[in-house]
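Since the structure comes first, as structure tokens, the remarks are kept for the end.
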């Protein structure tokens, strides 16, 4: 069975994401999901924000297998989002206590981040 990773980040229309960056980010996320799926992972990208809350994310954690949660760079890299990041971590621990929690770092390939915990799927 494939390792299941939820990549959670801000919605692309969130005010903290510059409008001119949104198409590039959308393409990067689409390419990332495709690469990770080809590499053998079940890789789901989901969006949440401090304004919308984490109920949808918690529902996803309850209803779908989850081995790890990768918190996106717009949350990890923004000090103003630190409380929201803590809420994501808390929600993950509450619903799927054994899931690994990972942080996206733009200088490291996502596959390398995931493979630190789960190894290669192919």
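Can you spot a residue in the stretch 89-101 that is within 16 Å of residue 36 (Cβ to Cβ) and either under 13 Å from the mean Cα position of the chain (by Cα) or crowded, with 17+ Cβ neighbours inside 10 Å (or both)?
Looking for residues that are within 16 Å of residue 36 (Cβ to Cβ) and either under 13 Å from the mean Cα position of the chain (by Cα) or crowded, with 17+ Cβ neighbours inside 10 Å (or both), one finds at least one in the stretch 89-101, hence yes.
Would you be able to tell me the number of residues in the stretch 4-35 that are under 24 Å from residue 87 (Cβ atoms) and touching a helix residue (DSSP H, G or I) at 6+ places or on another chain (Cβ under 9 Å)?
So the answer is 13.
Would the stretch 71-85 turn up any residue that is loosely packed, with under 15 Cβ neighbours inside 10 Å, in contact with a strand residue (DSSP E or B) (Cβ under 8 Å, 6 or more places away or on another chain) and assigned to a helix (DSSP H, G or I)?
For the stretch 71-85, residues loosely packed, with under 15 Cβ neighbours inside 10 Å, in contact with a strand residue (DSSP E or B) (Cβ under 8 Å, 6 or more places away or on another chain) and assigned to a helix (DSSP H, G or I): absent.
Anything in the stretch 64-83 that is over 17 Å from residue 43 (Cβ atoms) and out of contact with any helix residue (DSSP H, G or I) (no Cβ under 6 Å at 6 or more places or on another chain)? List them, or say none.
Selection gives 74, 76, 77, 78, 79, 80, 82, 83.
Rundown of residues vs (1) more than 22 Å from residue 94 (Cβ to Cβ); (2) part of a strand (DSSP E or B), yes/no style:
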position: 34; (1), (2): yes, no
position: 45; (1), (2): no, yes
position: 57; (1), (2): no, no
position: 61; (1), (2): no, no
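A short reminder: the numbers here are calculations on the coordinates, not readings from a lab. Please read these numbers as outputs of a predicted model, since none were measured by experiment. Positions of Cβ are backbone-derived with ideal geometry, glycine not excepted, and every protein chain shown enters the neighbour counts.
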